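The values are calculated or read from the model by the stated rules, or taken from the named source; none is laboratory data. All figures in this text were calculated on a predicted structure; none of them were measured in a lab. Reconstructed Cβ throughout: ideal geometry from the backbone, glycine too, with neighbour counts over all protein chains shown.
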Amino acid sequence: MKSVSKDLLSGIIYASNAHAVWEDLKERFDKVNRVRTFQLHRGISRLSHGSDSVAVYFTKLKELWAEYNVLVPSPNCGCVKSKEYVVHLHQQRLMQFLDGLNDTYDQARRKGGSYGNASRKRPRIPRKETIPRV
Ligand SMILES: [Zn+2]
């Protein structure tokens, strides 16, 4: 049992039943997920274009978003609210992308995104009044 950490082992031994063991493990697992979610959140907000090409920068962002999606899944029940949530999420991500772009892309930023070959699908920019206040 040396491979099981002392803290974890003592927690399991003193848990009175299977449910308590499960709750304990779930709590530890949730904590790991929260830490990873935070790391991803920070990674996304700090990632910038830098010396990468726009395509590489966009690919890196997409990878971080993909992992974030696994940990924090979007509602997909298809109701109006869940669709609104997804639209809002895409707006946030467009802004994250634009925020990390180099200053030479200021014009693209103001226009709301024509980023060369980085993305074939141009994200739609909502009219100002539709951007939710956070
Ligand atoms: Zn729903």
Please go through the stretch 51-86 and give me each residue that is touching a Pro at 6+ places or on another chain (Cβ under 9 Å) and either at positive phi or touching a residue at least 12 places away in the same chain (Cβ under 8 Å) (or both), ordered by number. VAL86
Out of the residues in the stretch 39-82 that are part of a loop (DSSP other than H, G, I, E, B) and under 20 Å from GLY100 (Cα atoms), which is nearest to the ligand (Cβ to nearest atom)? LEU47
With the condition kept exactly as written, say whether any residue in the stretch 104-118 is modelled with pLDDT of 95 or more, in contact with a helix residue (DSSP H, G or I) (Cβ under 9 Å, 6 or more places away or on another chain) and more than 16 Å from the ligand (Cβ to nearest atom). no
